[in-house]
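Let me begin by presenting the structure, written as structure tokens, before commenting on it.
The values are calculated or read from the model by the stated rules, or taken from the named source; none is laboratory data. Here the structure is a predicted model, which means the values were calculated and not measured. Cβ placement follows ideal geometry from the backbone for every residue including glycine, while neighbour counts extend to all protein chains displayed.
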Amino acid sequence: MKRIYSIGGGKGGSGKSFIAASLGILLAKQGKKVVLVDLDLGASNLHTLLGQRIPQRGLDAFIDKTTNSLEDVALSTTIPNLYLISSTKCSLEIANLFYAQKLKVINAIQNLPFAYVLLDLGPGINFNTLDFFLIATEGLFVATPEPTAIENTFVFIKSIYLRKLKLALKEANMWHICQEEVAQLSKGALKSPLDLINILVGRNLENGTVFKDLLSGLKFSLILNKFRGQVTEDLGEQLVEVCNRHLYPSFDFLGNISYDSRVYESILARNIFIRKYPYTKTVSDLQNMARRLTGEKQQPIQIKALK
Amino acid sequence: MIKKFNDLNYYELFKIQYNASSFEVRQAYKNILAIYEESSLATYALFAEDERKAILGKIEKAFSTLIDDEKRNAYDKSLVDIGEIPKNLLTAKERQKAIPLIQVNTAMTKDNNLARIRKKIKEQGTGKLASVMLNRDFISGQDLKNLRESLGIELEEVFEATKISPTALEAIERDDLTNLPPKIYLKSFLKSYAEVLQLDAKQLVEGYVKNMEKS
């Protein structure tokens, strides 16, 4: 079965693209056919992390109808089995994608003939980002163990919930019912998507539980990037515990990825970190993560973290 | 489907079983506090100040109830009355409590017990068996059980030394995923277990968790 992973999380600079590129490479190395889709529209740079120059073709050709097939613009990379759909060539106004165009792209992504589709998303919580995130069979949140990043991650998670709920309500033609109640709620500001669920359940709408189940059906995992010794190792598990307690399941913790200053150096030099430093704790963390995604056994050798 | 946070009873809040020992209550309290206290990174910016206050208030109340035998019994009865827990669970709890009665004067027996375990370990020598187990990448509950049994240590002795309830210990040794405590508690249980058997706690926890995730 095809698996689509979206890689997001409100904060910029948390390493979403690095993780997308690294997981893409590692999955491809396992022999899976993988495509990376750069959906950080207007600020795409996945190709740089893959050690490549600006791709000649990409999403733009699909959007301006030069080609009818998104698969056409999936360019091969220096890594066998790994393909990249770049959005570098898109116009500078691409970040404000039209609704119809967005639907077309979403539909095409869902039909891509690859075993693994990784979507690299931009920071922030604009509708495009949220809608692209929701394409996935599993959403991966990337955060760093810092208050700022964790704050943004919670906002991102709540926004995703709200977006999903709103879309479903609109589809079921029930949005207007909620709108009235939301308007009365603390000056019309929805602080938590759970307020919305409580309204639905509170009104004894049969569908209330349906929407609860809808949210429970979403599958999310958390990744803590740039992990250093300063904070407790349990932080990831604590975060997932909190999410599962307060935000409806199911959240999973995929693991910590150790900080390594050479990641920055290799990006500067436009090298592929995994290739250049394969025997680092960071790469072994990433490898374990890739193996978890494909369900393969974890790596037997553990390398001690560099303190 | 999870219940809303406010509707959780104290046991659900602490994620412990109805017959959890006082040690488990203490552990759970420590862990839950680490998540919800003001300085916690895990809930940073998730709650408004009054929300956090309410949550912490509930946690304090839960702890002071569960740690006090008299209060806890009354609370259990009230849960039975509203049908939250079936009656027979209360009797099950009595059974669980019967075991702690073994150690009447706690301080003495605990030391004796530990000394006894230490002596057994010294006589049998954990060295080789333990290092073989710890060097494996995946450590199962069965491995742990085998080691314990080869040292001639009873499960009850581990219970006395660690105060982890026999049900939890058995679940750990049986790799009984459905009955294992939540992962954050599990880790501290494994650490205590490792200390009793004089094993490297970090290696044991890593191996066990890996083995758990594999299955």
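Table for the structure above
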| quantity | calculated |
| --- | --- |
| Positions within segment A:261-274 being among the aromatic types (Phe, Trp, Tyr) and touching a residue at least 12 places away in the same chain (Cβ under 8 Å), in sequence order | A:Phe273 |
| Condition met for B:Ala42 (within 13 Å of chain A (Cβ to nearest Cβ) and touching a Leu at 6+ places or on another chain (Cβ under 6 Å)) | yes |
| Counted residues, segment A:218-260 - those being free of Cβ contacts under 8 Å to residues at least 40 places away in the same chain, more than 8 Å from chain B (Cβ to nearest Cβ), in a loop (DSSP other than H, G, I, E, B) and of a type in the set (Asp, Glu) | 1 |
| Candidates B:Ala161, B:Ala98, B:Ala168, filtered to the one that is modelled with pLDDT under 80, within 18 Å of the chain's Cα centre (by Cα) and assigned to a helix (DSSP H, G or I) | B:Ala98 |
| Qualifying positions in segment A:19-28 - touching a residue at least 60 places away in the same chain (Cβ under 8 Å) and surrounded by fewer than 24 Cβ atoms within 10 Å (Cβ to Cβ) | A:Ile19, A:Leu26 |
| Residue check for B:Phe159: aromatic (Phe, Trp, Tyr) and within 14 Å of chain A (Cβ to nearest Cβ) | no |
| Within segment B:8-74, helices (runs of 4 or more DSSP H) holding 2 or more residues that are crowded, with 16+ Cβ neighbours inside 10 Å and among the aromatic types (Phe, Trp, Tyr) | B:10-14, B:22-36 |
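Quick grid of which residues meet (1) touching an Asp or Glu at 6+ places or on another chain (Cβ under 7 Å); (2) within 14 Å of chain A (Cβ to nearest Cβ); (3) within 19 Å of A:Thr232 (Cβ to Cβ); (4) crowded, with 21+ Cβ neighbours inside 10 Å:
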| residue | (1), (2), (3), (4) |
| --- | --- |
| B:Asp175 | no, no, no, no |
| B:Leu186 | no, yes, yes, no |
| B:Tyr193 | no, no, no, yes |
| B:Gln198 | no, no, no, no |
| B:Gly207 | yes, yes, no, yes |
| B:Lys210 | yes, yes, no, no |
| B:Lys214 | no, yes, no, no |
